[in-house]
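The values are calculated or read from the model by the stated rules, or taken from the named source; none is laboratory data. Just so it is clear, the structure is predicted and the values come from calculations on it, not from any experiment. Cβ placement follows ideal geometry from the backbone for every residue including glycine, while neighbour counts extend to all protein chains displayed. Note: accessible area is taken over every heavy atom of the protein model, side chains too, but ligands, DNA and RNA are not part of it. Shrake-Rupley method; radii C 1.70, N 1.55, O 1.52, S 1.80 Å.
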Amino acid sequence: IGGQIRLAILSVISFYIAISAYSYIQLTQITAEYNDILHKTVKLEAAAKDAAWYLSQSASALRGSLLTGDQKELDSYPIYSAKVDSSIEVLLDLAADPEVKRYAEQMEAGKNAYSASVYAIERWQKEKNTQALAAEVQKSNEKISQAMKAAEAIEKIENEELLHKSRENYEKTDRIKTDLLGVNVFTVLLGLGLAAGISRRISRPIQQLAAA
């Protein structure tokens, strides 16, 4: 009987440890996956915000040049352009979502077309070709708008993805906690059942002796 008691107790403890270990591994895996997604999402969203900001600064530099007629206003444009290129590179490198990649490619195409317009505008300003200048300014506005809309779309997608993953992570964690609570209750009931069975096995011989 002593051996059976030890075996029963060991079985209950082993079952509880196994379930607890499994739950711990699952929670650790969920946390690691969420942290990885969080890290990438934050980097993608930051890159999109940076790109949008430097695109707006590029547009401001061009407007300043057109309003003042001073081409020195565009001296900072190569710096802004390089910053946008760096942000686009991050987006294309990290993006797993095809839609984000597509918007990043749109942003790159819009920015490259805008750069071509900026240098064309500089030329038309020097040549005082007002008709060509006006057409190129219109074209540059369309391209910078295209690039900025793509950056804003990426920001929105990544923000929604983060919210979705946060809810999904919460639901998975909550489910594991609920399962673990159920296992705890089952383990307690199993222990009580084993205790009752062992108690009957111990008391039966005593009752038989007393009856004799």
Among (1) part of a helix (DSSP H, G or I); (2) within 31 Å of the chain's Cα centre (by Cα), the one test that N184 misses: (2)
Among the residues of the range 80-113, which ones are in contact (Cβ under 8 Å) with a residue 60 or more places away in the chain and more than 23 Å from S60 (Cβ to Cβ)? D97
Unmet criterion (only one of (1) closer than 16 Å to L44 by Cβ; (2) modelled with pLDDT of 85 or more) for E142: (1)
Within the range 114-122, identify whether any single residue is open to solvent by 10 Å² or more (accessible area, probe 1.4 Å), farther than 30 Å from L162 by Cα and touching a residue at least 40 places away in the same chain (Cβ under 8 Å), and answer yes or no. yes
Among the residues of the range 165-177, are any open to solvent by 30 Å² or more (accessible area, probe 1.4 Å), more than 22 Å from the chain's Cα centre (by Cα) and at pLDDT below 85? yes
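Quick one: would you say A8 is within 23 Å of the chain's Cα centre (by Cα), surrounded by 15 or more Cβ atoms within 10 Å (Cβ to Cβ) and either at pLDDT 80 or above or over 13 Å from A147 (Cβ atoms) (or both)? First the steps, then the outcome.
Numbers: within 23 Å of the chain's Cα centre (by Cα): no; surrounded by 15 or more Cβ atoms within 10 Å (Cβ to Cβ): yes; either at pLDDT 80 or above or over 13 Å from A147 (Cβ atoms) (or both): yes.
No: the conditions fail for A8.
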Can you name every residue in the range 125-164 that is assigned to a helix (DSSP H, G or I), surrounded by fewer than 17 Cβ atoms within 10 Å (Cβ to Cβ) and among the basic types (K, R)? K126, K139, K149, K156
Condition broken by V42, with the remaining ones in (1) buried (at least 16 other Cβ atoms within 10 Å of the Cβ); (2) of a type outside the set (D, E); (3) farther than 30 Å from I121 by Cβ satisfied: (1)
Between a residue in the range 34-60 that is aromatic (F, W, Y) and any residue that is open to solvent by 80 Å² or more (accessible area, probe 1.4 Å), which pairs come within a Cβ distance under 7 Å, given they are 6 or more apart or on different chains? Y54/K83
Just give me the residues in the range 62-87 being within 12 Å of V118 (Cα to Cα), surrounded by fewer than 19 Cβ atoms within 10 Å (Cβ to Cβ) and among the aliphatic types (A, V, I, L, M), in sequence order. L66
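Could you list, in sequence order, all residues of the range 50-61 that are aliphatic (A, V, I, L, M) and either open to solvent by 60 Å² or more (accessible area, probe 1.4 Å) or closer than 20 Å to E105 by Cβ (or both)? It would help to see each step written out before you state the result.
Initial filter on the range 50-61 (aliphatic (A, V, I, L, M)): 51-52, 55, 59, 61.
Passing the criteria: A51, A52, L55.
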